[in-house]
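Undergrad: Pasting in a structure now, in structure tokens, and then I'll have a few things to ask.
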Amino acid sequence: MKKAYLPCLLLFLWWPAALPMLAQTPFEPLFGPVFLENVTYGAALNYNNRMVPLSMDIHVPAMGSRQRYPLLVMVHGGGFIAGSRQEMRKDWIDHFVHRGYVVANVSYRLGYINTTTQYHCNFIEGYPCLFAADSAEWYRAWYRAVQDIKGAIRYLVNRADIYQIDPNRIFLLGESAGGFIVLGAAFMDVPEEKPVFAGEMPALPTPRQPNLNNCPHWRDEVFPDSIITRPDLGDIEGEVERFGRPYTIRGVANIYGGMFTDLIERTPPGKHKPVVYQFHRACDLMVPFTRDRVYWGLSWCLLGCWNCYGIDKTPMAHGSRAISDWNQSKGYGLVFRNDFATVPFPLNCLFFAHSCLDQLSNPCHSSVGMDISRVEGFFRQQSFAAQQERAAEGRPEAMSVAAGPNPFSEVLYLQNAGPKVVHYGIVNAHGAVVSEGRMSAGEQYPFPTQDWPAGIYFLRMQEAESGQSQTVKLLKKP
């Protein structure tokens, strides 16, 4: 216990009226959906070696019930240099929240080092931003993002009692670059899958061309005078929330994304194999439907129709069809549900559906024609199966810890009525710790709470010996 509470402990010993409060129900449930915005889950170095905060928005269907919900982590696209979580479709978020999912809409590190060559093209907004200094920058941008999403999952699972998450029912959904990222988070399991480009690489000259100033990943950056170093990016788990409770990814939705390499091949024996939903249109100019370079179709249009340079130094990518074909030809045994539109890009500048001109206003790199209920229905089957597994395993008995009164105002009382040592932590709704300590068997503590803002708090207790944990929801009155 923290020393600040010792005077209050003496007061508590002389306050017999406080003891009956501990016998009441641990908390009064507060039902209703909760939206937590801009929750910081960590920080990490970006491509310019600047430490940047990492944030997410969390939607909980009914905070305060005893329900444990599946978790859906959503990851936006933007070519690894643009986009934001605010651009994820609200109707998709609402669809899952209304069907009982905790939804975490997660931001990640954006950006790669651009080439020093100056490019111009009047047909494509942000055209100069697309030129990386070399193909290694693509792999490094993807790798940083995968590390971030792995860290975000650990952050959420470590606070599963707060957000009422079932760690055995984790689902991922990513769009475009987000598709690459969630596939990486689900299937990059072993150190050998770390790309060689994610190790230490030679430094690159600092780009100075003024037409990069409007690039999203250049905002707020102060660049070195001459070169940008490229250090080793660390292991596949990253540095955010390094250690976590175990969890199981049950399903992944890849929305017109892909993989740079086959990450399924080295799946460890015994690891649960998530199901994979995929939506992709064969006429996609950005991410190949089968196998080609990123921006393959866009480069064809730039060169053949608009007299501009094609986007160079892009990596080879394996699109949704190629990933599904791997599963069949290599016998990986994953369950896929593919929603593909197989009408190809016609290799035409002006005429026919999906031509270069047509895709300026009707791009194939989109979710047009996708039904989000098919994704949720596919995931629901896995969620139900996980619930059945958990019910068959049984549940441990509840811990003998009580807190009250609830709601509270000036003082909160905590009692460990069990026979074992308990570690406790009190956090606010954003996960920030307001108090933590240790209670021996039979101990009773009062907590002065006059300075705590009104709102929702969570008391998490864990037995030191068994690791069994319990969370109590508390309400501080105004």
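The values are calculated or read from the model by the stated rules, or taken from the named source; none is laboratory data. Values in this document were obtained by computation on a predicted structure and should not be read as measured data. Every residue, glycine as well, gets a Cβ built from its backbone with ideal geometry; the counts of neighbours run over all protein chains shown.
Undergrad: Quick one: which residue in 302, 298, 285 is assigned by the TED database to the domain that holds residue 381, touching a helix residue (DSSP H, G or I) at 6+ places or on another chain (Cβ under 7 Å) and crowded, with 17+ Cβ neighbours inside 10 Å? Give the steps one after another, and end with the answer.
TA: Working: 302 fails: touching a helix residue (DSSP H, G or I) at 6+ places or on another chain (Cβ under 7 Å); 298 fails: touching a helix residue (DSSP H, G or I) at 6+ places or on another chain (Cβ under 7 Å).
Being assigned by the TED database to the domain that holds residue 381, touching a helix residue (DSSP H, G or I) at 6+ places or on another chain (Cβ under 7 Å) and crowded, with 17+ Cβ neighbours inside 10 Å holds for just one of 302, 298, 285, which is 285.
Residue by residue, here is whether (1) assigned to a loop (DSSP other than H, G, I, E, B); (2) loosely packed, with under 15 Cβ neighbours inside 10 Å; (3) in the same structural domain as residue 39 (by the TED database); (4) modelled with pLDDT of 80 or more holds:
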| position | (1), (2), (3), (4) |
| --- | --- |
| 420 | yes, no, no, no |
| 424 | no, no, no, yes |
| 431 | yes, no, no, no |
| 438 | no, yes, no, yes |
| 450 | yes, yes, no, yes |
| 471 | no, no, no, no |
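Undergrad: Check whether at least one residue in segment 360-374 is among the basic types (Lys, Arg), touching an Asp or Glu at 6+ places or on another chain (Cβ under 8 Å), outside any loop (DSSP other than H, G, I, E, B) and surrounded by 13 or more Cβ atoms within 10 Å (Cβ to Cβ), and report yes or no. Let's see the steps before the verdict.
TA: Step one: list which residues in segment 360-374 are among the basic types (Lys, Arg), which gives 374.
Going one step further and asking which of them are touching an Asp or Glu at 6+ places or on another chain (Cβ under 8 Å), we end up with 374.
Those left that are additionally outside any loop (DSSP other than H, G, I, E, B): 374.
When the remaining residues are screened for being surrounded by 13 or more Cβ atoms within 10 Å (Cβ to Cβ), the result is 374.
Yes: one or more hits.
Undergrad: Restricting attention to segment 107-126, and to residues there that are modelled with pLDDT of 95 or more and of a type outside the set (Val, Ile, Thr), which single residue is farthest from residue 140 (Cα to Cα)?
TA: The qualifying residue farthest from residue 140 (Cα to Cα) is 107.
Undergrad: Follow-up question, since we're still on this one. Mind listing just one residue for me: the one in segment 266-282 that is among the basic types (Lys, Arg) and farther than 30 Å from residue 360 by Cα and, of those, surrounded by the fewest Cβ atoms within 10 Å (Cβ to Cβ)? First the steps, then the outcome.
TA: Applying the first criterion (among the basic types (Lys, Arg)) to segment 266-282 yields 266, 271, 273, 281.
Imposing the further condition that a residue be farther than 30 Å from residue 360 by Cα reduces the set to 266, 271, 273.
Working: 266: 13, 271: 11, 273: 16.
Of everything passing the filter in segment 266-282, 271 is surrounded by the fewest Cβ atoms within 10 Å (Cβ to Cβ).
Undergrad: Read through the list (1) out of contact with any His (no Cβ under 6 Å at 6 or more places or on another chain); (2) surrounded by fewer than 20 Cβ atoms within 10 Å (Cβ to Cβ); (3) more than 29 Å from residue 116 (Cβ to Cβ), then give the number of the only condition that residue 248 fails.
TA: (1)
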